[in-house]
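Report on the following structure.
The values are calculated or read from the model by the stated rules, or taken from the named source; none is laboratory data. From a predicted model like this one, the values you see are computed outputs, not experimental measurements. Here the Cβ positions follow ideal geometry from the backbone for every residue, glycine too, while neighbour counts run over all protein chains shown.
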Amino acid sequence: MLLEHAKVLYAIRSAKEIVGRKKLQKMIYIAKRLSFPYQEKFGFHFYGPYSEELTLQVEELVNLGFLEEVKEKKGGYFQYRYKLTDNGEEFLQMNSLNVDEKLEACLCDMNEQSSRFLELVSTILYFDELPKEEIYEKIAKVKGKQNYTKEEIDEAFEYIASLQAKANV
Amino acid sequence: MSYATEKLREEKVFKDPVHRYVHVRDRVIWDLIGTKEFQRLRRIKQLGTTYLTFHGAEHSRFAHSLGVYEIVHRIVDDVFKGRTGWDESDRLLSLCAALLHDLGHGPFSHAFEKVFQLDHEQFTQAIILGDTEVNQVLSMVDKDFPTKVAEVIAKTSDKKLVVSLISSQIDADRMDYLLRDAYYTGVSYGHFDIERIMRVMRPTEEQVVFKKSGMHAVEDYIMSRYQMYWQVYFHPVSRSAEVILTKILQRAKVLYENSYEFKHEPTHFLSFFQGKPTLEDYLKLDEAVVLYYFQVWQEEGDAILKDLCYRFLNRHLFKYIEFDPASQYKMFMELIPLFKKAGIDPDYYLVLDSSSDLPYDFYRPGEEGERLPIQLIMPNNDFRELSRESEIVEAISGKRRTDHKLYYPADLLRDESTNQATKRQIKQLLGVAHKY
């Protein structure tokens, strides 16, 4: 029951706590692209790959009392922190997920990155069918406001390679 | 005259019950409609399993696609033309993207995508960019034109105004499907004044905006949308049919994976079962093909596949109870072994289905979200987000409604000739002992 919800809970528990809705979105998208079994559909939106389904699952998990959501004022905007409640832990244990342990390592690694960087990484993955040089142009076009430098994009490519090695893709 | 600007000698029209007529004068549009990939949409119903609840809902994605094209055609040629903010060179791009936006939909898309892990939007891209008749037509405009159309549909284009015409909280796609689905289902909600809305649309660099004087028509559209979702799109009986359809596909896939020998080789499904359908395989599938298999699978040796197909074709659907996962998930866990004990496979006969809708959302700076808010243009030319001006819209803004239902086969539980005690226990837990 609610297997996809349980996988989201697993991701948040693996990372202990995830700060920011954007970060959570990008972590799940990247995990999916690393062939971990996330099934949410993603489209391209303001901040790169985004899944309405995932937003819905998180809202439901909060409403069900399985996730704790803390809303914090952060300068001109609000930021959300997520972690599992005791009921969430119990629910996750009842849904004995058969998850590859490499997923936890990848999620923890991603959780240490900034959401700005994960936005770049996920956007590169979104366009990864393009030749590499075209990806640089695409990033400049669709992420113009973020002003990513060539060095940042290079670093993101390296990061993707390191995650793929960690996930054995 | 170039192919991009070539006009037909005489305007062609399609009679349409929603817009009265769909008008085509551009050679490119006429040629696109004639492609086999676009004609395939005639064989895919717009509302999937809804016809099992509202028998009139047999209309196709072909009709909807023409409708979206017609709305955009009227907006760009009658409302935007000559206005500041509108670039006439985006006209053909807008028309083509409107016409082709649903090109990748397959038969019963929702169930197919769920079971076979597919994404119709990726197939839309593949059809536009691949070796297809649609691609040939678009490439005759310009070699980069297919990519530009694909980018608008994928929302990765920098032409934000064109994207917002096809994909935003008030766009040609939604306006057509609400009116069309209301018409064909026969429901009285879902209607709004589309002509008024189109008249108050104004182009800006970032998106389409609406004159404040048309706010009430926009409010009516938002409320119509809200009603349609809960009265039609999430109707529990259509969802029951969708649940069974999904389980048929899931069962057929599991049987294939377990080397089951089908009496009728499921040729059209093989690449889907193997997880690698090509574009060619995908385009061969339509509802006629799928329903043919359901028909012949009624004669299969596998009792579950046979039963589910019989249920779907003859509308012997599952019943449901309202379900609250927070307080009842332990009950769900108790039901699983009881179903097994009663000889009813819970993987196929005990299904939790959830529906959720957010009728309108406003943009919160710094937050991740997908929804571009509806902007009103005030008499002093300032922009105001809709929910700040409309109390009706404010009342439902950002409020998601979710509904969970637990589906089960009432007929199997009613039959107490076997496993009577267990079935009674199940009915007790479901709270339906008094009914069956």
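Values computed for the structure shown
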read-out	value
Residues of the range B:378-403 satisfying the condition of being out of contact with any Asp or Glu (no Cβ under 7 Å at 6 or more places or on another chain), surrounded by 14 or more Cβ atoms within 10 Å (Cβ to Cβ) and within 14 Å of chain A (Cβ to nearest Cβ)	B:Asp403
So A:Val19, is it of a type in the set (A, V, I, L, M), over 14 Å from A:Leu103 (Cα atoms), more than 8 Å from chain B (Cβ to nearest Cβ) and out of contact with any Ser or Thr (no Cβ under 8 Å at 6 or more places or on another chain)	yes
Number of the condition not met by A:Tyr47 [criteria: (1) closer than 22 Å to A:Gln164 by Cβ; (2) facing another protein chain (nearest Cβ under 10 Å)]	(1)
Lone qualifier among B:Gln46, B:Gln39 - being of a type in the set (S, T, N, Q) and in contact (Cβ under 8 Å) with a residue 60 or more places away in the chain	B:Gln46
Residue ID - modelled with the lowest pLDDT, chosen from residues in the range A:155-169 that are surrounded by 17 or more Cβ atoms within 10 Å (Cβ to Cβ) and over 11 Å from A:Leu120 (Cα atoms)	A:Ala167
So A:Ser122, is it within 11 Å of chain B (Cβ to nearest Cβ), among the small types (Gly, Ala, Ser) and in contact with a helix residue (DSSP H, G or I) (Cβ under 6 Å, 6 or more places away or on another chain)	no
Subset of the range A:23-36 that is over 8 Å from the mean Cα position of the chain (by Cα) and not in a loop (DSSP other than H, G, I, E, B) - its residue that is surrounded by the fewest Cβ atoms within 10 Å (Cβ to Cβ)	A:Lys32
Selection within the range B:404-436 - touching an Asp or Glu at 6+ places or on another chain (Cβ under 9 Å) and without any contact (Cβ under 8 Å) to a residue 12 or more places away in the chain	B:Arg424
Qualifying residue in the range B:182-193 (condition: closer than 18 Å to B:Tyr360 by Cβ and within 14 Å of chain A (Cβ to nearest Cβ))	no
The range B:27-55, subset among the basic types (Lys, Arg) and within 26 Å of B:Lys148 (Cβ to Cβ), residue surrounded by the most Cβ atoms within 10 Å (Cβ to Cβ)	B:Arg40
Residue among A:Glu134, A:Glu152 that alone is surrounded by fewer than 17 Cβ atoms within 10 Å (Cβ to Cβ), away from every other protein chain (no Cβ under 14 Å), of a type in the set (Asp, Glu) and not in a loop (DSSP other than H, G, I, E, B)	A:Glu152
Exclusive hit being touching a residue at least 60 places away in the same chain (Cβ under 8 Å), of a type outside the set (Ser, Thr, Tyr) and surrounded by fewer than 18 Cβ atoms within 10 Å (Cβ to Cβ), set B:Glu287, B:Glu265	B:Glu287
The range A:37-51 - residue that is touching a Gly at 6+ places or on another chain (Cβ under 8 Å) and at pLDDT below 90 and, of those, surrounded by the fewest Cβ atoms within 10 Å (Cβ to Cβ)	A:Phe46
Residue in the range A:53-91 that is surrounded by the most Cβ atoms within 10 Å (Cβ to Cβ), counting only those that are of a type in the set (A, V, I, L, M) and at pLDDT 90 or above	A:Leu61
Scope the range A:30-44; condition among the hydrophobic types (A, V, I, L, M, F, W, C) and at the interface with chain B (Cβ under 7 Å from one of its Cβ atoms); matching residues	A:Phe44
A:Lys71 being closer than 16 Å to A:Lys23 by Cα, without any contact (Cβ under 8 Å) to a residue 12 or more places away in the chain and more than 9 Å from chain B (Cβ to nearest Cβ)	yes
Among the candidates A:Gln79, A:Gln57, A:Gln93, residue that is within 13 Å of chain B (Cβ to nearest Cβ) and either in contact with an Asp or Glu (Cβ under 6 Å, 6 or more places away or on another chain) or of a type in the set (Lys, Arg) (or both)	A:Gln79
Criterion (over 30 Å from A:Lys74 (Cβ atoms), within 13 Å of chain A (Cβ to nearest Cβ), modelled with pLDDT under 90 and exposed (fewer than 15 other Cβ atoms within 10 Å of the Cβ)) met by exactly one of B:Ser355, B:Ser327	B:Ser327
Those residues of the range B:264-277 which are under 16 Å from B:Ser109 (Cα atoms) and either hydroxyl-bearing (Ser, Thr, Tyr) or in a helix (DSSP H, G or I) (or both), in sequence order	B:His268, B:Phe269, B:Phe272, B:Phe273
Some residue of the range B:9-26 being surrounded by 14 or more Cβ atoms within 10 Å (Cβ to Cβ), charged (D, E, K, R) and in a helix (DSSP H, G or I)	no
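Listed here are the residues, each with its yes/no results for (1) free of Cβ contacts under 8 Å to residues at least 12 places away in the same chain; (2) over 30 Å from A:Gly88 (Cβ atoms); (3) outside any loop (DSSP other than H, G, I, E, B); (4) outside the structural domain of B:Ala126 (by TED's automatic domain parsing).
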site: B:Tyr282; (1), (2), (3), (4): no, yes, yes, yes
site: B:Glu300; (1), (2), (3), (4): no, yes, no, yes
site: B:Asp307; (1), (2), (3), (4): yes, yes, yes, yes
site: B:Ser327; (1), (2), (3), (4): yes, no, yes, yes
site: B:Met331; (1), (2), (3), (4): no, no, yes, yes
site: B:Leu335; (1), (2), (3), (4): no, no, yes, yes
site: B:Ser354; (1), (2), (3), (4): no, no, yes, yes
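For (1) crowded, with 19+ Cβ neighbours inside 10 Å; (2) β-branched (Val, Ile, Thr), each residue gets a yes or a no:
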residue: B:Val141; (1), (2): yes, yes
residue: B:Val152; (1), (2): yes, yes
residue: B:Tyr183; (1), (2): no, no
residue: B:Ile197; (1), (2): yes, yes
residue: B:Thr204; (1), (2): no, yes
residue: B:Met215; (1), (2): yes, no
